[in-house]
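First the structure, in the form of structure tokens, and then the observations on it.
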Amino acid sequence: MKTRLERREHLSGLLFVAPLIVVLILVAGWPLARTLYFSLTDAYLDDSANHVLVGFDNFVEVAGDPVWWRAVRNTAIFTAISVAIETVLGLAIALLVHGAIPGRGLVRAAILVPWAMPVVVSTKIWEWMLNDQFGVVNRAIVGLGLADHGVAWVANGSLLLGVVIFIDVWMTTPFMVLLILAGLQILPEEIFEAAEVDGIPWWKRLWSITLPLLAPTIGVAVLFRVLDALRMFDLAYVLAGANVNAMTMSIYARDRLINNQELGIGSAASTMVFLLIAFVAIFIVGALRLDRSGATER
Amino acid sequence: MASVALRSVSKSFGHVPVITDVNLEIADGELVVFVGPSGCGKSTLLRLIAGLVPVGVGDVVIDDEVVTDIPASKRGIAFVFQSYALYPHMTIARNIGFALETLGLSRQEIDAKVAEVAATLKIDHLLSRRPRELSGGQRQRVAIGRALVRQPEVFLFDEPLSNLDSDLRMEMRMEIAKLHANLAATMIYVTHDQVEAMTLADRIVVLNKGCIEQIGTPQQLYHAPQNRFVAGFIGSPRMNFMSVSANSSGAECRVQGPGNLSLDVTLSGPGSPAEIGIRPEALSITTQGQGKVTGTLERLEDLGHEHLAYVRIAPDVAWSVRLPNALGKISTGTSVGLDWRLEDLFLFGKDGRRLDHSLSHERSAAANGGRV
């Protein structure tokens with residue numbers, strides 16, 4: 001039995017979240033529902049009112065398209081490699097900056113610059129630097145005698161995904177550094193002093209104390225980055241357009257939707273991207289037990 | 001086992017001096033307590049000895065070896081933190097044995113040592129738990145166990161009991177005293193709790209603003225404080241003070257102050273008293289007109305085992321009186337007299353140094369043995 005006070009608190013709680021729920025339904029629920037609906041139709045973008053329900057035909061078509069699977073593969077490779085590198089690099093830099101090195105305030109500010117730049121801008125900068133004829137990177141390589149002629153970084157299809165990963169690492173490692181640094185700074189200092197007095201060598205301190213205590217933070221950071229990477233669009237699109245060598249799932253969906261005007265198939269692809277990301281998110285959250293860590297770890 | 005010495009040690013954080021020219025010799029097997037108000041540098045001094053904070057100027061010597069530039073792990077010390085600083089993700093057994101893992105001992109040897117230490121501290125039933133499942137007192141035992149297992153030459157305790165409630169604090173205090181008696185190890189113990197200091201210490205070091213005010217046995221500090229700071233810091237409730245004026249002719253001196261105070265004392269050294277001090281337990285309440293000063297009884301507190309009375313002597317002077325028995329029929333607001341034996345009187349010069357008078361030798365005698 002609920003008391004009247006409990007019911008009243010319950011009601012006022014609902015009242016407080018109501019505006020948020022309305023906004024969420026408007027900006028997320030409605031578009032999502034529309035996309036789901038269109039994914040079951042044969043609609044075209046230029047005349048979306050004129051359509052019939054076709055069941056799961058669109059999903060079957062996308063699943064049968066080798067270009068879709070290429071995009072899935074690209075996205076998976078991109079996500080796995082870039083997040084792995086960003087995590088290791090982010091951890092290393094965070095540990096370095098966390099230590100009392102001279103001028104670390106400046107270093108911290110400088111590290112944030114790539115993260116603060118718009119993706120399009122940094123991608124264009126790198127595209128120019130990696131230009132096969134006029135790029136400063138090739139100039140340096142040839143100038144140092146490392147190669148006779150420049151490398152076609154962006155034009156070469158087999159290198160393209162590597163370049164995308166490289167630029168993403170350059171751009172988003174600061175984000176990792178920042179998150180991990182925040183995690184490092186809330187670890188109690190006395191634990192490390194205790195280890196210092198106990199004569200624990202630095203590698204054992206890192207492996208047996210820092211990393212286990214930092215695991216929840218790293219987990220959250222990886223979760224953020226994986227979800228972000230799985231829906232990556234801007235970087236690859238600015239660099240390579242719909243080039244199949246660097247096509248991500250999001251670019252595939254956009255390609256079908258805008259270029260081919262296939263609203264139904266584009267929606268089906270978008271829905272698949274959404275479901276895939278949702279599954280990965282649920283899996284990671286489950287693996288990290290993020291939802292319960294508050295209750296069991298503290 | 002080892003002795004510890006500090007030679008002209010100074011330390012600043014930025015431009016803020018924290019420790020100023022500290023010299024200290026601690027004998028092998030001695031238990032020395034650092035006390036002082038918060039911010040006096042006592043914890044910093046302990047960290048300097050541990051090697052957790054680098055020394056600015058001067059030398060730290062452990063077992064006749066200068067260790068100023070030797071890392072904490074090689075100084076043969078163990079440090080017990082106020083926050084316990086247990087590794088939260090490790091079991092109690094691993095917490096205690098963690099330091100041994102890098103010494104190349106076998107699993108069995110480590111387990112044996114951990115079990116032995118755990119048995120000593122009566123925490124053997126907790127070994128498979130994690131720190132968060134333990135109470136504060138149990139965590140403190142684990143922290144001490146972690147220090148014990150390494151068999152250090154010197155134990156350093158940084159306010160180890162201040163996070164415990166008063167019952168546990170008393171229990172752990174006895175525990176540490178017992179430990180010191182059994183191990184005969186050198187221990188340095190930082191606290192702001194003077195009961196801990198008085199009961200545990202072989203010698204107490206009183207610190208104030210980064211300087212040593214006095215080093216001595218608990219009895220010396222209580223009965224023969226060298227200055228006003230030590231006199232006011234040791235003892236609870238604290239010593240009563242009053243500014244006075246003095247007319248001296250030679251060693252004879254007439255001291256006058258609020259509450260109709262007029263005393264004749266014979267100084268046994270140079271200097272002129274600017275302040276007098278009397279401990280609350282040395283005062284007795286008499287009827288008005290008798291006693292050495294008069295004041296108004298402001299408040300009475302019945303603590304069960306003792307009674308505290310507050311007597312206002314002047315607008316800015318209120319003295320506390322500690323009485324073993326209830327005061328009887330005197331009600332608050334009445335005028336009373338305060339009396340004391342002349343040998344219980346402390347005199348302080350303008351610079352805060354204590355001045356000897358003809359009867360203070362009796363106190364010195366008390367400090368170096370039983371009360372006369």
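For segment B:33-59, the tally of residues that are on the phi < 0 side of the Ramachandran plot, buried (at least 22 other Cβ atoms within 10 Å of the Cβ) and away from every other protein chain (no Cβ under 14 Å) stands at 6. Scanning segment B:313-354 for residues being crowded, with 16+ Cβ neighbours inside 10 Å and among the basic types (Lys, Arg) gives a total of 2. For segment B:220-258, a tally of residues being touching a Leu at 6+ places or on another chain (Cβ under 8 Å) and under 18 Å from B:ASP193 (Cβ atoms) returns 3. Contact map, segment B:17-31: first residue without any contact (Cβ under 8 Å) to a residue 40 or more places away in the chain, second residue part of a strand (DSSP E or B) and buried (at least 17 other Cβ atoms within 10 Å of the Cβ), Cβ cut-off under 7 Å, separation 6 or more or different chains; pairs are B:GLU25/B:ALA5. I'd like the residue in segment B:180-223 that is in a strand (DSSP E or B) and among the polar types (S, T, N, Q) and, out of all such residues, is farthest from the chain's Cα centre (by Cα). Applying the filter and picking the extreme gives B:THR186. Kindly establish whether A:ARG256 is under 30 Å from A:THR41 (Cβ atoms), modelled with pLDDT of 90 or more, over 20 Å from the mean Cα position of the chain (by Cα) and not aliphatic (A, V, I, L, M). Yes; evaluated as a whole, the condition is true for this residue. In segment A:170-200, the qualifying residues are those that are within 17 Å of A:PRO216 (Cβ to Cβ) and at the interface with chain B (Cβ under 9 Å from one of its Cβ atoms), and the one that is nearest to the chain's Cα centre (by Cα) is A:PRO188. Within segment B:79-113, the set of residues being more than 8 Å from chain A (Cβ to nearest Cβ), among the β-branched types (Val, Ile, Thr) and surrounded by fewer than 19 Cβ atoms within 10 Å (Cβ to Cβ) comprises just one member, B:THR91.
Being polar (S, T, N, Q), part of a helix (DSSP H, G or I) and either free of Cβ contacts under 8 Å to residues at least 60 places away in the same chain or loosely packed, with under 13 Cβ neighbours inside 10 Å (or both) is the filter here, so list the residues in segment A:79-135 that pass it.
Once the filter is applied, which keeps residues that are polar (S, T, N, Q), part of a helix (DSSP H, G or I) and either free of Cβ contacts under 8 Å to residues at least 60 places away in the same chain or loosely packed, with under 13 Cβ neighbours inside 10 Å (or both), segment A:79-135 yields only A:SER122.
Residues considered: B:PRO160, B:PRO131. Of these, the only one that is buried (at least 18 other Cβ atoms within 10 Å of the Cβ) and away from chain A (no Cβ under 12 Å) is B:PRO160.
If you check A:THR173 against the conditions, is it of a type in the set (Ser, Thr, Tyr), more than 30 Å from B:ALA85 (Cβ to Cβ), touching a residue at least 40 places away in the same chain (Cβ under 8 Å) and outside any loop (DSSP other than H, G, I, E, B)?
Taking the combined requirement at face value, the residue satisfies it.
Looking only at residues of segment B:60-75 that are more than 10 Å from chain A (Cβ to nearest Cβ) and in contact with a strand residue (DSSP E or B) (Cβ under 7 Å, 6 or more places away or on another chain), we find that the one that is nearest to B:GLN151 (Cα to Cα) is B:ILE62.
The values are calculated or read from the model by the stated rules, or taken from the named source; none is laboratory data. Just so it is clear, the model here is predicted, and its values are computed rather than measured. Every residue, glycine as well, gets a Cβ built from its backbone with ideal geometry; the counts of neighbours run over all protein chains shown.
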